[in-house]
Amino acid sequence: DGCTGVWMEFLRGRTLSDIVGQSGPMSAREAALAGVDLCGALAAIHRVGLIHRDIKAQNVVREEGGRIVLMDFSAGLDLQRSATDPSWNRISGTPLYIAPEIYEGERPGVPSDIYSMGVLLYYLVTGRYPIEGRSIGEIIAAHRRGGQRRLRDARPDLPDAFIRVVERALDPQPASRYESSGEL
C-alpha cells in the first residue's frame, strides 16, 4: 500500500556468542557445521552484490531446531552503490572482526567478509580472537606488527584441515584468502 517497512522473522534460539560464553569453545566439527551454513548465507548476499561487514558471534543465532541464521545487516554495503558513494570508507563493524586492510583505507569487499568469517571460526573454537586490543588503536597496531595469534598455538588439538582453513581465511593479505564464501 505504498508503505515501507522491515520484515523480520522471530527467532527462538541463542547467539553463538552466548553459546560459547556459557558452554565454552566448540569442537572443530561443531564450528565447521556452523561455518558451512554461514558460508551459504554469505554466498547468497555476495551474489546480489552486498557485503555484510559485521559478521560476528553476536550476529549469528542457532535456532532451537539447529538452523544457523546470520543477522543484523545494519552495517551492510551495496557494492554497486558504494562505487559512487564516498561513505563506503567509513569503518563499520566490530573492531576485533574487521579485516586489517579496512583499517588502512581499502574498500570493503568479499575478502573482508571472508576475514571476518575466519575470526568468527577462530572465536568459536577458542573463545578468543586472533588479534586482540582494548582500543581500535591497539588493534591496528597489532595488525601492523603482525601480532596475529596462530590457531595452532591457541588450540593444538584441532584437526590440521580445520586450522588450515581458518588461517587462510585470516591471511593478512586479501588476495591470499579464499576468493569466495563458497570456496571457504
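Proximity of backbone amide H atoms, modeled 1.01 Å from N, is registered between ILE131 and ARG149 at under 5 Å, excluding neighbours fewer than 5 places apart on the same chain.
Ellipticity at 222 nm from helices only: DSSP H runs of n ≥ 4 in the chain, each -39500 (n - 2.57), divided by the residue count, give -12000 deg cm²/dmol.
What is the extension gain from ASP18 to ALA43, computed as 0.36 nm multiplied by their sequence separation minus the C-alpha to C-alpha distance, in nm to one decimal? Display every interim value, and only then the final one.
Working: separation 25, 0.36 × 25 = 9.00 nm, distance 2.50 nm.
So the extension gain works out to 6.5 nm.
With contacts taken as Cα pairs under 8 Å at a separation of at least 6 residues, the chain carries a relative contact order of 24 percent.
Note that the chain presents 54 Å² accessible area per residue, ligands and nucleic acids not counted, probe 1.4 Å.
Report the net charge of residues surrounding LEU124, where surrounding means a beta-carbon distance below 14 angstrom and charges are Lys +1, Arg +1, Asp -1, Glu -1.
Values: positive: ARG14, ARG29, LYS56, ARG62, ARG128, ARG155; negative: ASP18, GLU30, ASP37.
Cβ neighbours under 14 Å give a net charge of +3.
Of the residues SER180, SER17, ranked by 1.4 Å probe accessible area with the largest first, the sequence reads SER180, SER17. Distance from the Cα centre of segment 143-164 to that of segment 33-49, in angstrom? That distance is 23 Å.
Membrane-span-like helices in the chain, defined here as complete DSSP H runs extending at least 30 Å along the helix axis by their C-alpha atoms with mean Kyte-Doolittle hydropathy no lower than -0.5, are absent; this is a sequence and geometry rule, not a statement about a membrane.
Sparse packing (at most 11 other Cβ atoms within 10 Å of the Cβ) combined with a DSSP loop state is found for the following trypsin sites (Lys or Arg not before Pro) in segment 100-184: ARG134, ARG145.
If exposed GluC sites (Glu not before Pro) are those in a DSSP loop with at most 16 other Cβ within 10 Å, what is the longest stretch of the chain that has none?
The longest such stretch corresponds to 10-63.
Heavy-atom surface analysis with a 1.4 Å probe gives the chain a carbon and sulfur content of 50 percent of its accessible area.
Taking the simple approach of a point 7 Å from Cα along Cα-to-Cβ for both GLU64 and LEU79, what is their distance in nm? Reported label-point gap for GLU64 and LEU79 is 3.8 nm.
In the list [x] 11.8; [y] 10.1; [z] 13.4, the label attached to mean projected area of the Cα convex hull in nm² as derived from the coordinates here is [x].
Label sites at LEU33 and SER135, each approximated as a point 7 angstrom past Cα along Cα to Cβ, lie 4.3 nm apart.
The values are calculated or read from the model by the stated rules, or taken from the named source; none is laboratory data. Since the structure is predicted, the reported quantities are computational estimates derived from the model, not experimental observations. Heads up, the Cβs are rebuilt from the backbone with ideal geometry, glycines too, and the neighbour counts pull from every protein chain shown. In case anyone asks, the SASA skips ligands and DNA or RNA and just uses the protein heavy atoms, side chains included. Shrake-Rupley method; radii C 1.70, N 1.55, O 1.52, S 1.80 Å.
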